[in-house]
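The values are calculated or read from the model by the stated rules, or taken from the named source; none is laboratory data. The shown structure was predicted, so the numbers you read here are calculated from the model rather than taken from an experiment. Here the Cβ positions follow ideal geometry from the backbone for every residue, glycine too, while neighbour counts run over all protein chains shown. The accessibility values were calculated without ligands, DNA or RNA, using every heavy atom of the protein model including side chains. Shrake-Rupley method; radii C 1.70, N 1.55, O 1.52, S 1.80 Å.
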Amino acid sequence: MTRTGHEQPRAATTFDLPPLPLAAWQDTKTTLHLYAQIVGKIRMALHPKLNHWWHVTLYLSPRGLTTHAIPTGDGLIELEFDLLDHNLMIRSSDGRHKVVALYDGLSVAQFYHSVLGSLAQLGVEVAILAKPYDPPRVGSDLPFKEDEVHARYDAAYVTRFWRILSWVHVILLEFKGRFYGKSTPVHLFWHSLDLAYTRFSGREAPMQGGSPSDREAYSHEVISFGFWAGDESVSAPTFYGYTYPEPNGLRGAPLLPKQARWVDAGGGVMALLDYDDVRRSEDPRQTLLSFLESTYLAGAKRAGWDVEAFNHDYVDYVPLELP
């Protein structure tokens, strides 16, 4: 395709992508993950339901992670993790606000009580299921109000994680803009602390069993992409992509760059690319985009998506010659 009469897309801001070894900040990551689950559950409890669970997610902001505006009766509130100055900012549309400081030694229980208490002072009463979602993944099964164990907060590593998320966010936004069909926002799922983006074919997907949450998330055919900092199953920061329902022949589909690979995951296959392979490459932006594009084409072509129709007619980036 040839671009005519259009400006070239603005490249993602580049900086030296730092290492993010999971072992170096595992305890901090667990604490931050639990903080995020508390705030995410508050958003889920208060926000009107949206399709595919879009009402539960968090979003990147210029300073950290935010719930965006949440309706509360006649007003709005927003909870934002400021991961530069290390506070949770709680703002109300009536002009009032509360600040919960984030620091090394702040236990999950202290955070939970401070956040719920601050909301009550702003006139917002909310009840959540006050225990971790998916304990093996998050690394704790302690109820929030009793968790005095998880209190490690290395501010430097938290900021480093957020800066990496910010870079990935810009790349995913560029990738999102190349697709003409329905797709999600670029958002952070607090259950696994992954930054994610999903494309839809528009066709309903056959649901075979699964939980009610899965039936809502996968009601239609999707190809999803994302980044997470590592967990009990993948012990390093990694980019991923998968297709649901999984089409025949996906495992053997070519991927870019050469370090990308297919792995078994949950009864299917998932494309993975190590963050370290991206950050060490000559052009990290292009390396990540090539992974996203090849993962998309691998699933879309084998699942019978109309790749040409979903492609913006002024975009010249897609390696459509990939089989």
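Per-structure values
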{"read-out": "Filter result (more than 18 Å from K145 (Cα to Cα) and open to solvent by 80 Å² or more (accessible area, probe 1.4 Å)) within region 105-133", "value": "Q121"}
{"read-out": "Any hit, region 136-154, residues being in contact with a strand residue (DSSP E or B) (Cβ under 9 Å, 6 or more places away or on another chain), among the hydrophobic types (A, V, I, L, M, F, W, C) and open to solvent by less than 20 Å² (accessible area, probe 1.4 Å)", "value": "no"}
{"read-out": "Odd one out for L58 among (1) under 17 Å from V186 (Cα atoms); (2) buried (at least 18 other Cβ atoms within 10 Å of the Cβ); (3) in contact with a Lys or Arg (Cβ under 7 Å, 6 or more places away or on another chain)", "value": "(3)"}
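For (1) open to solvent by less than 50 Å² (accessible area, probe 1.4 Å); (2) at pLDDT 95 or above; (3) within 17 Å of the chain's Cα centre (by Cα); (4) assigned by the TED database to the domain that holds K182, each residue gets a yes or a no:
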site	(1), (2), (3), (4)
S201	yes, no, no, yes
S211	yes, no, no, yes
R215	no, no, no, yes
Y240	yes, yes, yes, yes
R251	no, no, no, yes
K258	no, yes, no, yes
A265	yes, no, no, yes
D277	yes, yes, no, yes
